[in-house]
Amino acid sequence: MNKKILVVVESIDIEDSSGTKGRVALIKNLFDAGYNLRVYHYTLKDIQIEGVPCFRIKENRNSLLFYLSRIERNLRRKTGIKLNPIIEKYFGFSFTLLNDRNSIINSLRQINDFNPDLVLTLSKGGSFRPHHAILKMDYLHSKWMAYIHDPYPMHLYPAPYRWYEPGYNIKEKFVKEMFEKAKYLAFPSKLLKEWMGGFFQTVMEKSVIIPHQISGGQRKNIEIPNYFDKTKFTILHAGHLLKGRDPQGIINAFNEFLGDIPEAKNDARLIFLGGRNYYTNELNNFSRENPQIYVSEDYVPYTKVSVMQDHASVNIILETKAEISPFLPGKFPHCIMANKPILLLGPYRSESRRLLGDDYEYWSEIDDVESIKNKIIDLYKNWKATKSFEISRPDLLYYMKGKSLHQTLFSIFER
């Protein structure tokens, strides 16, 4: 494979977000598929991906935008006055983002020994810094694939996450221009492509689906924390609980499950991993009342989380109460790779449910306590009978691995 791909990515630090984990897995699978890669990243620290040439883009600290961004930051820190809402209302974006965009542009313009066949922009959260940069570089538009991991801007999110940001109209204009100028658009989810296609006509004309990737095999020689007992029936939720991902339903269902099957108190555990979040106080109260519920105090490193997912009896994917969830959760490929049953709690219309199938038996709305309890009982009985209950989805393993990715890109290069 002689095709060259220039990857411009916001971060390759897998500990900073679930989004970055997915981007790094994508880069690794591109490399494993035989593409000639060069990665330019805006991570704050110097990080390498084994076998892949990676170049850290440095922040320009001598520009007017840099000094303006520091003035805003220092004023906010010392007085509590937040100028960014006013700045974004008029400019659309913060001075920090605009300076970061220019820093990326300056670095990419120095490349003179790598002529890519494809330029892939990857980001996280709501910043899209690499996308901002390539949008200003007209000579790369004919090779540009813009990867859109989430809806954007925020007023185009489905409820309950929808809200109008300062400068929302300028942000929407940025997205419209990006969709028009990019040669290709990539989405991790079919539902997300269709959702954004409802706002921008060009989406449906030039899009491909590249799901979050599975990369690597089983983790070895990683110490499992004392609170995780591999011999127990462990229901594990790993990841940040954003507002809307209410754990009340699963907790109430778990408590009712223990009430219906008292002997399960000896070998059933419900574990929540992740740093402080909107529901931390509520979770801690439940944990104090029920010793079978454990809540981690701080962020747990990705390597340890992955091992616990591998050894959990059941992995939870918890989404919000909504009519639709077009997102493909970053943890979805990890849960498929762990090969353990997934307790999917979310809307009827969701990308996770679409992939698992309409007939997937361990799905429920997040607040249907009776349904969730019955599913836990069924999972527990299966676990008691086999101690090695697996999800066994080779179709999804293939869908999120390098061969499927290669087929998608091959179809692009052959156009």
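No lab work stands behind these numbers, since they all come straight from the coordinates. From a predicted model like this one, the values you see are computed outputs, not experimental measurements. Virtual Cβ from ideal backbone geometry, glycine too; neighbours counted across all protein chains shown.
Here are the numbers:
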quantity: Projected-area average for the stretch 233-395 over all orientations - Cα convex hull basis, square nanometres; calculated: 8.8
quantity: Full-extension gain in nm, Lys243 to Asn281, via 0.36 nm per residue minus C-alpha separation; calculated: 12.4 nm
quantity: Cα centroid separation, the stretch 1-71 to the stretch 256-300 (Å); calculated: 37
quantity: Residue-averaged [θ]222 nm for the chain, counting only DSSP H segments that reach four residues, each worth -39500 (n - 2.57); calculated: -12000 deg cm²/dmol
quantity: Gain upon complete extension [Phe413, Lys45; 0.36 nm per residue less C-alpha separation]; calculated: 129.1 nm
quantity: The chain: antiparallel DSSP beta bridges as a percent of all, rounded to 5; calculated: 0
quantity: Extension reserve of the Lys176-Asp359 stretch, reckoned as 0.36 nm per residue once the Cα distance is removed; calculated: 62.2 nm
quantity: With Cα atoms, 0 to 90° folded angle of helix 18-32 axis to the chain main axis; calculated: 70
quantity: C-alpha long axis of helix 280-289 to longest principal axis of the chain, angle in °; calculated: 10
quantity: Shape category assigned to the stretch 277-332 from the gyration tensor of Cα positions, a/c cut at 1.5; calculated: oblate
quantity: Which labelled figure in [x] 30, 28, 20; [y] 66, 21, 19; [z] 38, 25, 21 is semi-axes √(5λ) of the Cα gyration tensor in Å, once derived from the coordinates; calculated: [z]
quantity: FRET E, pair Glu223, Arg56, Förster distance 22 Å, beta-carbon r, rounded to 0.05; calculated: 0.15
